[in-house]
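The values are calculated or read from the model by the stated rules, or taken from the named source; none is laboratory data. Just so we're clear, the structure is a prediction, and the values are computed from it rather than from any experiment. Cβ atoms come from the backbone with ideal geometry, glycine included; neighbour counts cover every protein chain shown. Surface accessibility is based on the protein's heavy atoms, side chains included, excluding ligands, DNA and RNA. Shrake-Rupley method; radii C 1.70, N 1.55, O 1.52, S 1.80 Å.
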Amino acid sequence: MQKKRYALCGLSNRAVFHFAMPLSGKNHKGGTNFNGQSELVSILDVDETRVKRFLEQTGISSAYYNAKQFDRMVTETHPDVILVATPDYSHCEYIVRGLEKKCDVIVEKPMVINCRQIREVQAAEKKSGRQIRVAFNYRYTPTHKKLKRLILEGKLGKIINVEFVYNLDTFHGASYFYRWNRERSKSGGLNIHKCCHHFDLVNWFLDDMPETVFAFGALNYYGPHGALRPRDKKGRPLDPIEERKRCPYFQKHYAGKIDPDEDSPSTGWDIFKLGYHVQYPHGKKRYIYDDAIDIEDTYSANVKYSKGTLLNYSCNFSTPWEGYILAMNGTRGRIELSHHSNPDPTGLTAPAEEKSVITFFPLFGGKEEIVIPPVKGGHGGADFVIQNDLFGAPSRESRELQLTAGSEDGLRSVALGEAVMRSIKTRRPIDIRKLLAGR
Ligand SMILES: NC(=O)c1ccc[n+]([C@@H]2O[C@H](COP(=O)([O-])OP(=O)(O)OC[C@H]3O[C@@H](n4cnc5c(N)ncnc54)[C@H](O)[C@@H]3O)[C@@H](O)[C@H]2O)c1
């Protein structure tokens with residue numbers, strides 16, 4: 001059997017564990033390896049040192065190319081599929097170039113960062129006859145699959161409204177504000193970068209297109225005016241070292257682990273210690289109160305879907321516990337789902353401890369509790385399962401639950417995220433169809 005050939009754009013932390021390792025027969029414990037049928041032929045990245053370190057440490061023998069060598073990479077290594085896992089703003093470029101070279105594309109969420117880029121990738125996909133798939137892993141948790149099945153079975157009847165409250169804790173939430181994600185030009189804002197996970201879930205549960213959005217949002221905790229930013233007696237910011245020493249986020253998560261003088265904080269997810277020599281040059285300190293931050297950390301949105309369902313959504317990036325409360329009211333009853341998670345600094349173990357309970361309240365009658373047992377693997381067990389769909393063949397369950405996501409799904413969540421940002425800026429409701437059409 002001829003192996004399917006993959007070229008990776010962006011040796012991100014995400015790509016290391018989710019793409020490069022499983023494709024090369026080095027998936028971590030519990031995950032499937034796909035090297036019998038697949039080959040990671042090349043890796044493109046702006047950071048040669050990072051890639052070379054990875055290849056040395058793992059013994060993987062893919063060819064390295066820099067960001068200007070995309071065409072050369074395709075000519076020399078003949079990939080069938082381009083994997084895109086760079087910072088979000090650059091997804092569009094690599095998707096389009098991959099499609100132009102007649103490759104299929106698998107792209108990390110979010111597909112792109114605005115509706116202009118959506119139009120570009122849609123046109124390229126249509127012209128190429130090739131396919132884009134979006135790696136929406138969050139659909140694949142046992143809890144979300146169960147909920148989708150209950151909806152498909154008609155347990156709720158017609159879904160009238162959805163309540164979705166998502167909170168990120170002071171470790172995970174803060175981490176976005178010292179990484180590239182904190183700049184809108186790179187991530188589209190968390191309304192796209194992070195909320196696209198949540199928007200995709202609701203779009204998928206409802207199997208519907210969001211139509212109109214009204215939203216508020218603000219930067220409360222982070223950035224130069226962060227609520228808990230330590231200051232001197234006259235209210236001026238402290239010098240960077242003193243600021244960290246006195247900052248409650250630093251004290252809680254980093255005190256005694258990293259020197260406030262030396263490093264920028266770290267998520268702990270870069271467990272091969274590959275470093276980011278280009279993305280985060282040495283000596284350029286980043287912290288959660290920097291002037292470069294130009295996104296929000298708090299969102300509240302009302303959304304109307306095309307079939308009439310209403311969504312009430314909020315997201316906050318600095319809360320004492322991480323998790324979410326999701327409820328849906330239908331003509332036959334109500335489903336409530338509460339989920340506490342533990343953002344694991346290594347990305348490998350803690351999610352196994354996660355557990356969810358789904359409670360179904362029929363409109364008339366006694367309640368029913370469905371306990372979802374913990375599973376192994378990142379993102380509540382989702383990552384191992386989606387890998388089977390991306391690199392193998394979609395399972396029967398995936399087909400039944402419409403788990404695999406294409407460009408249309410990518411488009412819906414990005415458009416909703418951009419509409420949230422535009423509504424915040426203009427203080428007006430936003431018509432998503434007009435936004436998509438470029439009006
Ligand atoms: N599905 C999920 O749950 C999930 C989780 C985390 C991240 N992601 C997505 O994965 C992608 C990577 O995120 P991350 O936080 O792991 O990234 P990262 O910061 O760990 O790595 C980014 C990589 O891209 C390289 N790079 C930067 N600019 C580039 C360019 N223009 N061209 C080529 N290479 C470039 C950097 O050198 C680095 O190796 C993002 O799209 C993110 O949204 C998805």
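Each of the peptides 97-107, 225-235, 407-417, 123-133 was scored by the mean count of other Cβ atoms within 10 Å over its residues; in descending order, highest first, they stand as 407-417, 97-107, 123-133, 225-235.
Taken as Cα centroids, the range 273-346 and the range 142-220 sit 7 Å apart, rounded to the nearest whole angstrom. The heavy atoms of Ser306 offer some 50 square angstrom of accessible surface to a 1.4 angstrom probe.
Which of the peptides 251-257, 207-213, 356-362, 281-287 is most tightly packed, and how do the rest follow, judged by the mean count of other Cβ atoms within 10 Å per residue?
Ranking the peptides 251-257, 207-213, 356-362, 281-287 by packing returns 207-213, 356-362, 251-257, 281-287.
The P(r) of the chain has a tail past 42 Å containing 13 percent of all C-alpha pairs. Around the Cα centre of the range 4-136, unit charges on the Cβ atoms of Lys, Arg, Asp and Glu (plus for the first two, minus for the last two) sum to a dipole of about 240 debye. Mean residue ellipticity at 222 nm, helices only, the chain: -8500 deg cm²/dmol; runs of at least 4 DSSP H residues each add -39,500 (n - 2.57), and the sum is divided by the number of residues. All alpha carbon pair distances within the range 386-427 were sorted into 10 Å bins beginning at 0; the resulting P(r) in whole percents reads 25, 33, 23, 15, 4.
Taking the inverse of the mean 1/r over every pair of distinct Cα atoms in the range 355-417 gives a Kirkwood hydrodynamic radius of 14.6 Å. Around the Cα centre of the chain, unit charges on the Cβ atoms of Lys, Arg, Asp and Glu (plus for the first two, minus for the last two) sum to a dipole of about 740 debye. Averaged over its residues, the chain has an accessible area of 44 Å² per residue, based on protein heavy atoms and a 1.4 Å probe. Candidates Thr298, Tyr313, Val16 compared by Cα position along the dipole of the chain: farthest toward the positive end lies Tyr313, with charges placed on Cβ. Ranking Phe272, Phe164 by solvent-accessible area of protein heavy atoms (1.4 Å probe, all protein chains present), from largest to smallest, gives Phe272, Phe164. Each Lys or Arg adds one and each Asp or Glu subtracts one; over the other residues with Cβ under 12 Å from the Cβ of Asp71, this totals +2. A simple charge model with +1 on the Cβ of Lys and Arg, -1 on the Cβ of Asp and Glu and nothing else charged puts the dipole of the range 1-59 at about 200 debye relative to its Cα centre. Three principal axis extents describe the C-alpha atoms of the range 4-136; from largest down they are 39, 31, 24 Å. Along the positive direction of the dipole of the range 4-136 (beta-carbon charges: Lys, Arg +1; Asp, Glu -1; about the Cα centre), which of Val41, Asn66, Gln131 reaches farthest? Towards the positive end, the residue furthest out is Gln131.
Net charge of the neighbourhood of Lys307, taken over other residues with C-beta under 11 Å away and scored Lys/Arg +1, Asp/Glu -1, is -1.
Kindly provide log₁₀ I(q)/I(0) values, in the same order as q = 0.13 Å⁻¹, from the Debye equation applied to equal alpha-carbon scatterers of the range 99-199. Calculated log10 I(q)/I(0) at the listed q: -0.69.
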